[in-house]
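Reading through the structure tokens given below for one structure.
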Amino acid sequence: MLSYSTTKGHYSRCGVMASVTAFVEHSGRTRGEGHGTRMSCYVAFEIWLLGIRYAVDVGYQPMTVADLARFVAAEPDFDSRWRLVVEFLKEYHREPTGVRPGLLEDTPGPTGDERWDVLFAGLAEHLAMRDGRAAPAWSAFRRLRRFWFPFDTPGARAQALVHSPAAFRRRGVFVADYEIDAA
């Protein structure tokens, strides 16, 4: 078992002292070995106020596509939304293949923008197919009536028309495969 612990920093002001500690534990197997290989992480926040210690552990859970939709709905601009998609993709690819279908199975709620809702359906189908699995049932009927190019420059449009994965193209979302696979 490999353990890692570090104190990120201390803060003291007016008699309040706070510490943030990160701890990572791994089963000793390399990532991807066997089903159920998980890395558990938690961050402990410790606050000493008037000599009393409070500790809160926050466990790591990978982002699901339903979580992604909720987070995207709260963001006002494209750049912040796309960063969340990239973060989801990175977390998805770091999870063992046995865990990945669970990240796609819950139906995402509406984001308030039909284009993003359809993008998530294409994303779920694309990722499931890359893992050799069927697309989630909730993704089957989401389509746009009008094409959408998330990266809307003449060069990006041309690249997306040629290189957009089928799961996106058939829904009317044109995003180049390297935008999806780069994460």
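What follows is calculated from the coordinates using simple rules that are stated; it is not laboratory data. The shown structure was predicted, so the numbers you read here are calculated from the model rather than taken from an experiment. Quick reminder, even Gly has a Cβ in these numbers, built from the backbone with ideal geometry, and neighbours come from all protein chains shown.
Fewest to most neighbouring Cβ within 10 Å: what's the order for SER139, SER80?
Values: SER139 23, SER80 12.
Listed from fewest to most nearby Cβ atoms, that is SER80, SER139.
Sort ASP152, ASP106, ASP79 so that the residue with the fewest other Cβ atoms within 10 Å of its own Cβ comes first and the one with the most comes last. If you can, show how the numbers build up before the last one.
Details: ASP152 11, ASP106 14, ASP79 8.
In order of increasing Cβ crowding within 10 Å: ASP79, ASP152, ASP106.
If we sort 114-125, 154-165 on the protection proxy, mean other Cβ atoms within 10 Å, highest first, what's the order?
On the way: 114-125: 21.8, 154-165: 15.2.
So the peptides 114-125, 154-165, ranked by packing, come out 114-125, 154-165.
Hey, what does the equivalent ellipsoid look like for segment 65-181, semi-axes from the Cα gyration tensor as sqrt of 5 times each eigenvalue, largest first, whole Å?
Working: eigenvalues 83, 52, 41 Å².
So the equivalent ellipsoid measures 20, 16, 14 Å along its semi-axes.
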